[in-house]
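**Q** Sharing a structure below in structure tokens format, with a few things to ask.
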């Protein structure tokens, strides 16, 4: 699997992502600069976490207009797989590649702790390592992870099975008590209509090594390799 | 309006009449306004260490593993595999009182620059925070701003905040302490220093543009607060962590080339201190052309530009044939890049602006004739030993009260606002072990990191308290299995012109020095913050508790061997070290009796070392499942912390010793560790063979039978009750209405 990681000014989890990808693929991901206009031959484009352009204006808003995003959009439209984590998810919504938006956390504070995620849709390139209903742990670290969308969109996401993950407890219970940031329907991650673009707020890439507290995030990357290996 | 430069203005700038006379002697004429500004900041307490220098020289600063001690931007130690850890702690106390968010944020930014300016990628941040009493109406706002500021900056630059400490005490009501520490990693053969070299080489400015913010910040940090503190708001700088992130990446990219001759960040006293120090260390002269300085505002004067403390700026001396390479890198990162001067052989700093020479000062005398004061010291009277103290509440109630007290309560509310996992190398997150553990990317090496000080001990007996702060840092590193290497110190004290404050300083430093020597734990960097006191409208002053905060760094060859403090089922709990039941200055005495009385617990550095070396060897041998040092709150609080962290109960079985139970359980005797092991008897035999006191305290609950904490008396305190008490303080204090939910 050939993966490329886009670095915007202010991106700060590109190395975490590169380590997680290397663990799964055995090869180094290509680092892409936001001013690039052409993508090399890739199976996966990753928009990693961070504070692109300082989160000024609105999280992800300026990065969504970076030169490289034209190429990323074409890549997605041609059926390419795109993963956006945290700030990457915010950029994907700002770029219109995923529906909805991410507002300030309902508690108005930055949150950094492990959360549990319930897998809502199995069998995609991103979730083939899990079964629907599986629960895994991932660190979250964001100030703006409160997912919102209009009612119609939320109904469509539910109806079409485009919700990837919901915040839950370890047993898979999903309710207000397991919602860290106020997200509609506890949504932590969503797919595009063709299931080839995934955005999520938590960081599976930071839980791929037993030494760091677990390997709960590994199925995402191992699954991608199985699905996308050339 | 142009003010006339005279003694009155010099006084306003913080120079004494004698110091001003010396300026006149050096210059041979009245200085210009810009020159007076340069002298005043370079000779401020903050930049010149004029009151503390004589004492700082007594601290041990060398060891075979020390690569650079104090004198560089940060300390550098060898961690193996050709790598170096570069670290320092620095205060941002005064700004954080005036404007908590920006004060704390720029404190983080400043210490990050001290580390990456030496070529290191920052891999961890820590902090040591002291706030006023929770009962003081200002405290909540300050805690909120400081925590948001640290998070806002550290999270954005993508450096994990992995540890720290927090205390509350009324002595900090008008003067909180914000001490920030950064640790970075560099190759030993790629360390960058600040001594300028090469006559004719270009002096290059990179980073943010210069504005009028922070003018005279260093001078402000060198005076006590009065009732007009809020009027000093304009001297607080505003941080931009996004630019800092770009600056980190751009500098580290440039450091891959051979373009840099010398580099230094513009911290306190901005362009003045960076240019003066770089040229001074290199024994060269420097010409600056201020017209070339990137500016954010119109019409800035030379004085304003030289004194500005605008953030996120660096000064470099480059090889002349490499300026284009450097410029391209900074343009890629969308940062300003300007050649603003040249190195000369004049030995002077010459500042030109709009065709005029605004300053021309000989660098030698500016540095060499900086004031050095041997201020009078008065010893702190020793405290009478504490007489017998009754136990009015009982062991159970006292334990619940202690684990819920502001100084012991869970810090999760704070940690949850700091990104502790970015980088993907955080092995032990905040609260999981006595020190944070971060792996060095691409290696198995683990760094153990901690910050420590017990200010109430220092206030009662500065020498013992200084030694204790160093010993506790050493102990916290040891308790993870790490080999302690070195410390950075952040010495926060009151007004040095008061003999009793200077006495505290002198004694604390001598206690630290003694501990550093005994534990082979040298000081490699540090910072002094004096004048931490507030003047009330009635003219009386309140000094902070003397607070020599210690930032400790240790190394593990294999990060996987680090142990945490969480108790697990089916283990023996063994106490290493002597228990004498010392209640003087204990948290129990304060929380139960409302007293801060008696001497602090004595520190026996020989025993400390013997115990620590023994514990470290047992951890290295793989015999230890969990380890925790005994500190604030004493033995029972430490046991409760292990039980809570592991969500595992324990039955204690300690025969009556003749000592009062509350003294046994809550005394704060030093040099003690709790070890959870499979075979307690074997551990005790090994300890005895090494001449070390050890005893079994009990056994953790069997798997699946979580019984709570069972005291020797048979009384049981459920973990749920302890956890609830432990968790309550911060959320109730800080978010009394509860977290906002939809």
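**Q** Restricting to the range B:698-742, name every residue that is on the phi < 0 side of the Ramachandran plot, part of a loop (DSSP other than H, G, I, E, B) and within 14 Å of chain A (Cβ to nearest Cβ). I'd like the intermediate steps shown before the answer.
**A** Filtering the range B:698-742 down to residues on the phi < 0 side of the Ramachandran plot leaves B:699-703, B:705-707, B:709-713, B:715-737, B:739-742.
Okay, now just the ones that are also part of a loop (DSSP other than H, G, I, E, B), so B:701-703, B:705-707, B:711-713, B:715, B:718, B:735-737, B:739-742.
Of everything in the range B:698-742, those that are on the phi < 0 side of the Ramachandran plot, part of a loop (DSSP other than H, G, I, E, B) and within 14 Å of chain A (Cβ to nearest Cβ) turn out to be B:735, B:736, B:737, B:739, B:740, B:741, B:742.
**Q** Please go through the range B:436-455 and give me each residue that is surrounded by fewer than 24 Cβ atoms within 10 Å (Cβ to Cβ) and more than 13 Å from chain A (Cβ to nearest Cβ), ordered by number. Give the steps one after another, and end with the answer.
**A** Residues of the range B:436-455 surrounded by fewer than 24 Cβ atoms within 10 Å (Cβ to Cβ): B:440-445, B:455.
If the condition is that a residue be surrounded by fewer than 24 Cβ atoms within 10 Å (Cβ to Cβ) and more than 13 Å from chain A (Cβ to nearest Cβ), then B:455 is the only one that fits.
**Q** Tell me yes or no: at least one residue of the range A:206-215 is farther than 17 Å from residue A:156 by Cβ, assigned to a helix (DSSP H, G or I), in contact (Cβ under 8 Å) with a residue 60 or more places away in the chain and within 12 Å of chain B (Cβ to nearest Cβ). Reasoning before the result, please.
**A** Here is the first cut: in the range A:206-215, the ones farther than 17 Å from residue A:156 by Cβ are A:206-215.
Adding the requirement that they be assigned to a helix (DSSP H, G or I) leaves A:206, A:210-212.
Now restrict to residues that are in contact (Cβ under 8 Å) with a residue 60 or more places away in the chain: A:206.
Subset that is within 12 Å of chain B (Cβ to nearest Cβ): A:206.
Yes, the range A:206-215 has at least one match.
**Q** Suppose we filter A:227, A:149 for residues that are over 30 Å from residue B:441 (Cβ atoms) and touching a residue at least 40 places away in the same chain (Cβ under 8 Å); which single one remains? Walk me through it before giving the result.
**A** Details: A:227 fails: over 30 Å from residue B:441 (Cβ atoms).
Going through A:227, A:149 in turn, the sole match is A:149.
**Q** Quick one: in the range B:157-202, which of the residues that are closer than 30 Å to residue B:591 by Cβ and assigned to a loop (DSSP other than H, G, I, E, B) is nearest to the other protein chains (Cβ to nearest Cβ)? If you could, list the steps in order and put the result at the bottom.
**A** Keep residues of the range B:157-202 that are closer than 30 Å to residue B:591 by Cβ, which gives B:161-181.
Okay, now just the ones that are also assigned to a loop (DSSP other than H, G, I, E, B), so B:169, B:173-176.
On the way: B:169: 25, B:173: 25, B:174: 26, B:175: 26, B:176: 20 Å.
If we take residues in the range B:157-202 being closer than 30 Å to residue B:591 by Cβ and assigned to a loop (DSSP other than H, G, I, E, B), then B:176 is nearest to the other protein chains (Cβ to nearest Cβ).
**Q** Here's something else I'd like to know. Suppose the filter is surrounded by 24 or more Cβ atoms within 10 Å (Cβ to Cβ), in contact with a strand residue (DSSP E or B) (Cβ under 8 Å, 6 or more places away or on another chain) and within 14 Å of chain A (Cβ to nearest Cβ); does residue B:252 pass it? Give the steps one after another, and end with the answer.
**A** Working: surrounded by 24 or more Cβ atoms within 10 Å (Cβ to Cβ): no; in contact with a strand residue (DSSP E or B) (Cβ under 8 Å, 6 or more places away or on another chain): yes; within 14 Å of chain A (Cβ to nearest Cβ): yes.
In short, no.
**Q** Further question on the same structure: Name every residue in the range B:301-335 that is within 14 Å of another protein chain (Cβ to nearest Cβ) and out of contact with any helix residue (DSSP H, G or I) (no Cβ under 6 Å at 6 or more places or on another chain), in order of residue number.
**A** Step one: list which residues in the range B:301-335 are within 14 Å of another protein chain (Cβ to nearest Cβ), which gives B:311-312, B:328-335.
Of everything in the range B:301-335, those that are within 14 Å of another protein chain (Cβ to nearest Cβ) and out of contact with any helix residue (DSSP H, G or I) (no Cβ under 6 Å at 6 or more places or on another chain) turn out to be B:328, B:331, B:332, B:334.
**Q** Counting residues that are over 27 Å from the mean Cα position of the chain (by Cα), which strands (runs of 3 or more DSSP E) fully inside the range B:345-450 reach at least 1?
**A** Details: elements: B:348-353, B:356-362, B:426-428, B:436-439.
Because the criterion is at least 1 residues that are over 27 Å from the mean Cα position of the chain (by Cα), the strands (runs of 3 or more DSSP E) in the range B:345-450 that meet it are B:348-353, B:356-362.
**Q** Pick out the one residue from A:199, A:189 that is in contact with a helix residue (DSSP H, G or I) (Cβ under 6 Å, 6 or more places away or on another chain), more than 10 Å from chain B (Cβ to nearest Cβ) and not in a helix (DSSP H, G or I). Steps first, please.
**A** Details: A:189 fails: in contact with a helix residue (DSSP H, G or I) (Cβ under 6 Å, 6 or more places away or on another chain).
Only one candidate qualifies: A:199.
**Q** I would also like to ask the following. From the list B:147, B:159, exactly one residue is in contact (Cβ under 8 Å) with a residue 24 or more places away in the chain and in contact with a strand residue (DSSP E or B) (Cβ under 6 Å, 6 or more places away or on another chain). Which is it?
**A** On the way: B:147 fails: in contact with a strand residue (DSSP E or B) (Cβ under 6 Å, 6 or more places away or on another chain).
Exactly one of B:147, B:159 is in contact (Cβ under 8 Å) with a residue 24 or more places away in the chain and in contact with a strand residue (DSSP E or B) (Cβ under 6 Å, 6 or more places away or on another chain), namely B:159.
**Q** Could you tell me whether the range A:149-168 includes any residue that is in a helix (DSSP H, G or I) and closer than 30 Å to residue B:162 by Cβ?
**A** Among the residues of the range A:149-168, not one is in a helix (DSSP H, G or I) and closer than 30 Å to residue B:162 by Cβ, which makes the answer no.
**Q** Condition check: within 30 Å of residue B:591 (Cα to Cα) and in a strand (DSSP E or B). Does residue B:206 satisfy that? Spell out the reasoning first.
**A** On the way: within 30 Å of residue B:591 (Cα to Cα): no; in a strand (DSSP E or B): yes.
So residue B:206 fails the test.
**Q** Looking at B:41, B:5, B:76, which one is touching a helix residue (DSSP H, G or I) at 6+ places or on another chain (Cβ under 7 Å) and touching a residue at least 60 places away in the same chain (Cβ under 8 Å)?
**A** B:41
**Q** Moving on. Within the bounds of the range A:66-88, is there any residue that is within 14 Å of another protein chain (Cβ to nearest Cβ), at pLDDT 95 or above, buried (at least 24 other Cβ atoms within 10 Å of the Cβ) and farther than 20 Å from residue A:20 by Cα?
**A** no
**Q** Still on this model: From the set of residues in the range A:181-210 that are crowded, with 18+ Cβ neighbours inside 10 Å and over 17 Å from the mean Cα position of the chain (by Cα), which is nearest to residue A:92 (Cα to Cα)?
**A** Out of the qualifying residues, it is A:182.
**Q** Name the one entry in B:433, B:412, B:378, B:359 that is outside the structural domain of residue B:593 (by TED's automatic domain parsing) and surrounded by fewer than 17 Cβ atoms within 10 Å (Cβ to Cβ). Give the derivation first.
**A** Details: B:433 fails: surrounded by fewer than 17 Cβ atoms within 10 Å (Cβ to Cβ); B:412 fails: outside the structural domain of residue B:593 (by TED's automatic domain parsing); B:359 fails: surrounded by fewer than 17 Cβ atoms within 10 Å (Cβ to Cβ).
Matching residue, one of B:433, B:412, B:378, B:359: B:378.
**Q** If you check A:161, A:133, which single one turns out to be out of contact with any strand residue (DSSP E or B) (no Cβ under 6 Å at 6 or more places or on another chain), farther than 19 Å from residue A:22 by Cα, free of Cβ contacts under 8 Å to residues at least 40 places away in the same chain and away from chain B (no Cβ under 14 Å)? It would help to see each step written out before you state the result.
**A** Working: A:161 fails: free of Cβ contacts under 8 Å to residues at least 40 places away in the same chain.
Going through A:161, A:133 in turn, the sole match is A:133.
**Q** Another question, then. Could you tell me how many of the residues in the range A:71-117 are more than 30 Å from residue B:731 (Cβ to Cβ), touching a residue at least 60 places away in the same chain (Cβ under 8 Å), in a loop (DSSP other than H, G, I, E, B) and in contact with a helix residue (DSSP H, G or I) (Cβ under 9 Å, 6 or more places away or on another chain)?
**A** 4
**Q** Exactly one condition in (1) within 26 Å of the chain's Cα centre (by Cα); (2) crowded, with 23+ Cβ neighbours inside 10 Å is not met by residue B:39; state its number.
**A** Going through the list (1) within 26 Å of the chain's Cα centre (by Cα); (2) crowded, with 23+ Cβ neighbours inside 10 Å, residue B:39 breaks only (1).
**Q** Residue A:169 passes all but one of (1) farther than 23 Å from residue A:60 by Cα; (2) away from chain B (no Cβ under 13 Å); (3) in contact with a helix residue (DSSP H, G or I) (Cβ under 7 Å, 6 or more places away or on another chain); (4) crowded, with 19+ Cβ neighbours inside 10 Å; which number fails?
**A** The single condition residue A:169 does not satisfy is (4).
**Q** Of all residues in the range B:19-38, how many are in a helix (DSSP H, G or I) and free of Cβ contacts under 8 Å to residues at least 60 places away in the same chain? Walk me through it before giving the result.
**A** Filtering the range B:19-38 for residues in a helix (DSSP H, G or I) gives B:19-27, B:33-38.
If we keep only those that are free of Cβ contacts under 8 Å to residues at least 60 places away in the same chain as well, we get B:20-21, B:23-25, B:36.
Count: 6.
For every residue, the table says whether it meets (1) farther than 30 Å from residue B:140 by Cβ; (2) crowded, with 16+ Cβ neighbours inside 10 Å.
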{"residue": "B:670", "(1), (2)": "yes, yes"}
{"residue": "B:674", "(1), (2)": "yes, yes"}
{"residue": "B:681", "(1), (2)": "yes, no"}
{"residue": "B:687", "(1), (2)": "yes, yes"}
{"residue": "B:691", "(1), (2)": "yes, no"}
{"residue": "B:701", "(1), (2)": "yes, yes"}
{"residue": "B:728", "(1), (2)": "no, no"}
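**Q** Given the condition under 17 Å from the mean Cα position of the chain (by Cα), assigned to a helix (DSSP H, G or I), within 27 Å of residue A:113 (Cα to Cα) and more than 14 Å from chain A (Cβ to nearest Cβ), answer yes or no: does some residue in the range B:89-98 qualify?
**A** yes
The values are calculated or read from the model by the stated rules, or taken from the named source; none is laboratory data. Values in this document were obtained by computation on a predicted structure and should not be read as measured data. Methodologically, a virtual Cβ is constructed for each residue, glycine included, from the backbone with ideal geometry; neighbour enumeration extends over all protein chains shown.
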